[in-house]
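Asker: Got a structure for you, questions after.
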Amino acid sequence: MGGAVKDIASKSELDNLGQSGAQVVLHFWASWCDASKQMDQVFSHLATDFPRAHFFRLQGMQSEAAVLGKPSL
């Protein structure tokens, strides 16, 4: 896969990743979160720097009200 970041669309797709045995890195993101948008750029660079790992984005909760924490680097 090297260098590409793919979005995960379903729980079954996420479950299949865990069974593959490959190195997987997940980025939980939200469209309303500025830190998430900044992390997208970092995540893309990491995907290029580590081509043997598989990088995926998984959309977090749809509402800010339910968020209990924020991403940090």
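Asker: Which pairs do you get when a residue that is touching a residue at least 40 places away in the same chain (Cβ under 8 Å) and closer than 19 Å to Ala30 by Cα, found in the stretch 40-60, comes within reach of a residue that is acidic (Asp, Glu) and loosely packed, with under 15 Cβ neighbours inside 10 Å, reach meaning Cβ atoms under 9 angstrom, with the pair 6+ apart or on two chains?
Answerer: Listed by first residue and then by second, the contacts come to Phe56/Asp7; Phe56/Glu13; Arg57/Asp7; Arg57/Asp40; Leu58/Asp7; Gln59/Asp7.
Asker: If I ask for residues that are touching a residue at least 24 places away in the same chain (Cβ under 8 Å), farther than 9 Å from His54 by Cα and either in contact with a Pro (Cβ under 6 Å, 6 or more places away or on another chain) or assigned to a loop (DSSP other than H, G, I, E, B) (or both), which ones from the stretch 1-17 would you list?
Answerer: Ile8
Asker: Could you please give the count of residues in the stretch 9-34 that are surrounded by 13 or more Cβ atoms within 10 Å (Cβ to Cβ) and at pLDDT 85 or above?
Answerer: Number of matching residues: 4.
Asker: Follow-up. In the stretch 18-60, which residues are aromatic (Phe, Trp, Tyr), touching a His at 6+ places or on another chain (Cβ under 9 Å) and in a strand (DSSP E or B)?
Answerer: Those that are aromatic (Phe, Trp, Tyr), touching a His at 6+ places or on another chain (Cβ under 9 Å) and in a strand (DSSP E or B): Phe55, Phe56.
The values are calculated or read from the model by the stated rules, or taken from the named source; none is laboratory data. Just so you know, these numbers come straight off a predicted model, no measurement behind them. FYI the Cβ positions are ideal-geometry reconstructions off the backbone, even for glycines, and counts take in every protein chain you see.
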